[in-house]
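What follows is a single structure, written as structure tokens, with notes after it.
The values are calculated or read from the model by the stated rules, or taken from the named source; none is laboratory data. What you see is a predicted model; the values in this text were computed from it and never measured. Every residue, glycine among them, receives a Cβ derived from its backbone with ideal geometry; neighbour counts consider all protein chains shown. Just so you know, the surface numbers come from the protein's heavy atoms only, side chains and all, with ligands and any DNA or RNA stripped out. Shrake-Rupley method; radii C 1.70, N 1.55, O 1.52, S 1.80 Å.
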Amino acid sequence: MKHTRTASNASGFALLEIILALALFSLVAVGMTRAVEAIAKTSTSARQEAQVLRVLESVLAEVAHQPEFKATSFNFPPTGDGIDASATIEKVKLITKDKVELDHMFRIRAEAWITDGRTRRMKRSLETYVYSPNSPI
């Protein structure tokens, strides 16, 4: 006795193949969607980090190129990208190996961050030391 395939067996098998193919496609599509979402978040975060660092470098350069220094602090208005910044200048006492005090030395510390409502996120800071002989001691 030979076993022959009937039309209903063949169509049932085809339906099962289609369902398995759709399930596999759905799993791959969900995985790809999550991967693309993760890439987008990483890209956005990297772009914001670069913007914060550009503002930070700009603030530090602006404050460091003053003709005279005194201990003070500055707040800068938010940029169009929503990045806030501040800077502080303070007189520092530096002593050399030979126990000689270096006069007219100032430390400049700049901070920049993105504000989300009330919280500061992605806060970064830079500092530098500046010799300013024209500044009062």
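Site pair HIS65 and ARG121 shows an inter-label distance of 3.3 nm when each label is modelled 7 Å from Cα along Cα→Cβ.
Give the range of the longest stretch in the chain that excludes all trypsin sites (Lys or Arg not before Pro) found in loop regions by DSSP and having at most 16 other beta-carbon atoms within 10 Å.
Longest gap between qualifying sites, sites excluded: 6-69.
Helix 7-64 axis versus longest C-alpha principal axis of the chain: approximately 10°, rounded to the nearest ten. Placing R0 at 30 angstrom, the Cβ-Cβ distance between ASP103 and THR79 gives a FRET efficiency of 0.25 after rounding to 0.05. Measuring max minus min along each principal axis, the C-alpha atoms of the chain give extents of 110, 37, 22 Å (largest first).
Give me the percent relative contact order of the chain, please, defined on Cα pairs under 8 angstrom at least 6 residues apart.
21
Within the accessible area of the chain, the carbon and sulfur atoms contribute 60%, probe 1.4 Å, all protein chains present. The slack between GLU90 and VAL36, meaning 0.36 nm per residue of separation minus the straight C-alpha distance, is 14.8 nm.
Can you give the relative contact order of segment 66-132 as a percent, counting alpha carbon pairs under 8 Å and 6+ residues apart? So the answer I get is 28 percent. Site pair ALA14 and LEU27 shows an inter-label distance of 2.5 nm when each label is modelled 7 Å from Cα along Cα→Cβ.
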